[in-house]
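Q: Dropping a structure here in C-alpha cells format, bear with me for questions.
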Amino acid sequence: MFKRFFLSERNVLTAIIINAIIICWMYFPQYRHHEWLEMVDHFFLIFFIVEAIVKIRVLGGKGYFGSKWNQFDFFIVLGSLPSLLTSFITVPNTSLLMILRLFRLIRLIRFIRFVPNLGQILAGLARAMRASVFVLLALVFLNFMLAIISCHFFAGVAPDFFGDPLVSAYSIFQMFTVEGWNEIPAVIAANAGEEVSPFLLGMMRFYFVLVVLLGGIFGMSLANAVFVDEMTMDNNKILEEKIDTLQEQILELKELLKNK
C-alpha cells in the first residue's frame, strides 16, 4: 500500500500541484517566511524525497534513472534539499534557498506527458520553428536597422526610448507588438515642444506608423502565418491522404459500374 501510493502518478501529480499552490501562497507579503507554510513546504520536499527513494528501490537504479522524467525529478528534488537547512540552522541569506525552492515548480512540466498527441505537437513545433527562422531573422535585422535609425534621430528628444541602440531595439520591438506604440510619438512630440515644425512632427508620426506597419502588421503577421501553417501541416497531410483514398475508391466504384 505504501509503495503503491508513491508509485501512483496521480498521487505524485496531486502533491506537485498542492506544493505549487503552497509556494505561490508563500510569496504573498503577509505570508512570507510564515512558519506553518514553511513546515508544509518542507513536508512536501520530504514527500518527494521518499517518492524518489521508493521508486529507486522498486525499479532499481537502472530502471529508475533509465527514465528521463525520473532523472528530471531526481535532480529537481536534489537541488531543493538545501532549503531544508532553514529548519535546523539559521541561514542569514535565504534568497538562494528560495530560488532552489522555486525549482520544484518546474515539476509541473510533468503534465505535458498527458497532452494528447504530444509527439505530433512537438514535431509540428520543431517544423514550425525551422520554417520561421528566416522570417524571424528578417524581423531581427529590420529591428536592428530601425533601432539605429531611431537612435540617431530621437536619442536626444526621447532618451528613455532611444537613448542607446539596445534601448532603441527594445522600443522598436515594443512597436512591432503594437502594444502602446502611439505613446512613443506622443512623448517625442511633447518633448520637442514648439521648436519643431508641424511638418517634421507629421513626418515623425508617419515614420512610426511605417515602423508599425512593416514590423507589427506585415512582419509579425507573416511570422505567425508561417508558424501556424507549419504547425497544422500534419492535419493537412492527413486530410490529403483521406481525400486521395476517397478519390481512389470513387474511381474503383466507377470502374465497377462500367463493367456492369
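Q: Which condition number does Asn70 fail, the rest of (1) at pLDDT 80 or above; (2) out of contact with any Lys or Arg (no Cβ under 9 Å at 6 or more places or on another chain); (3) farther than 18 Å from Leu102 by Cα being met?
A: (2)
Q: Confirm whether Asn19 is in the same structural domain as Tyr64 (by TED's automatic domain parsing), under 29 Å from the mean Cα position of the chain (by Cα) and over 18 Å from Leu105 (Cβ atoms). Write out each step before concluding.
A: Numbers: in the same structural domain as Tyr64 (by TED's automatic domain parsing): yes; under 29 Å from the mean Cα position of the chain (by Cα): yes; over 18 Å from Leu105 (Cβ atoms): no.
Against the criterion (in the same structural domain as Tyr64 (by TED's automatic domain parsing), under 29 Å from the mean Cα position of the chain (by Cα) and over 18 Å from Leu105 (Cβ atoms)), Asn19 does not qualify.
Q: Given the criterion in contact (Cβ under 8 Å) with a residue 60 or more places away in the chain and either in contact with a Ser or Thr (Cβ under 8 Å, 6 or more places away or on another chain) or hydrophobic (A, V, I, L, M, F, W, C) (or both), identify the matching residue among Ala15, Ala20. Working first, answer last.
A: Details: Ala15 fails: in contact (Cβ under 8 Å) with a residue 60 or more places away in the chain.
None of the others qualify; the one that does is Ala20.
Q: Separate question: Against the definition (part of a helix (DSSP H, G or I) and at pLDDT below 85), how does Gly202 come out, yes or no?
A: Numbers: part of a helix (DSSP H, G or I): yes; at pLDDT below 85: no.
Spelling it out, it is not the case that Gly202 is part of a helix (DSSP H, G or I) and at pLDDT below 85.
Q: Has the range 104-121 got any residue that is within 30 Å of Leu166 (Cα to Cα) and at pLDDT below 75? Walk me through how you get there before you give the answer.
A: First, pick out the residues of the range 104-121 that are within 30 Å of Leu166 (Cα to Cα): none.
So far as the range 104-121 goes, no, none of its residues is within 30 Å of Leu166 (Cα to Cα) and at pLDDT below 75.
Q: Something else: Under the condition of being more than 21 Å from the chain's Cα centre (by Cα) and of a type in the set (Phe, Trp, Tyr), which residue from the range 133-190 is farthest from Leu201 (Cα to Cα)?
A: Here the residue is Phe141.
Q: Another question, if that's okay. Could you tell me whether Ser171 is polar (S, T, N, Q), more than 29 Å from Asp229 (Cβ to Cβ) and part of a helix (DSSP H, G or I)?
A: Values: polar (S, T, N, Q): yes; more than 29 Å from Asp229 (Cβ to Cβ): yes; part of a helix (DSSP H, G or I): yes.
So Ser171 passes the test.
Q: OK, next. Quick test for you: out of Phe218, Phe161, pick the one residue that is under 30 Å from Ala123 (Cβ atoms) and either assigned to a helix (DSSP H, G or I) or without any contact (Cβ under 8 Å) to a residue 40 or more places away in the chain (or both).
A: It is Phe218.
Q: So, one more: Can you find a residue that is surrounded by 12 or more Cβ atoms within 10 Å (Cβ to Cβ) and at positive phi anywhere in the range 165-188?
A: Yes, some residue in the range 165-188 is surrounded by 12 or more Cβ atoms within 10 Å (Cβ to Cβ) and at positive phi.
Q: Look at Glu179 and say whether it is at pLDDT below 75 and over 16 Å from Phe162 (Cβ atoms). Can you show your working first?
A: Numbers: at pLDDT below 75: no; over 16 Å from Phe162 (Cβ atoms): yes.
In short, no.
The values are calculated or read from the model by the stated rules, or taken from the named source; none is laboratory data. If you're wondering where the values come from, they're calculated on a predicted model, not measured in any experiment. When we count neighbours, we look across all protein chains shown, and the Cβ atoms used for this are built from the backbone with ideal geometry, even at glycine.
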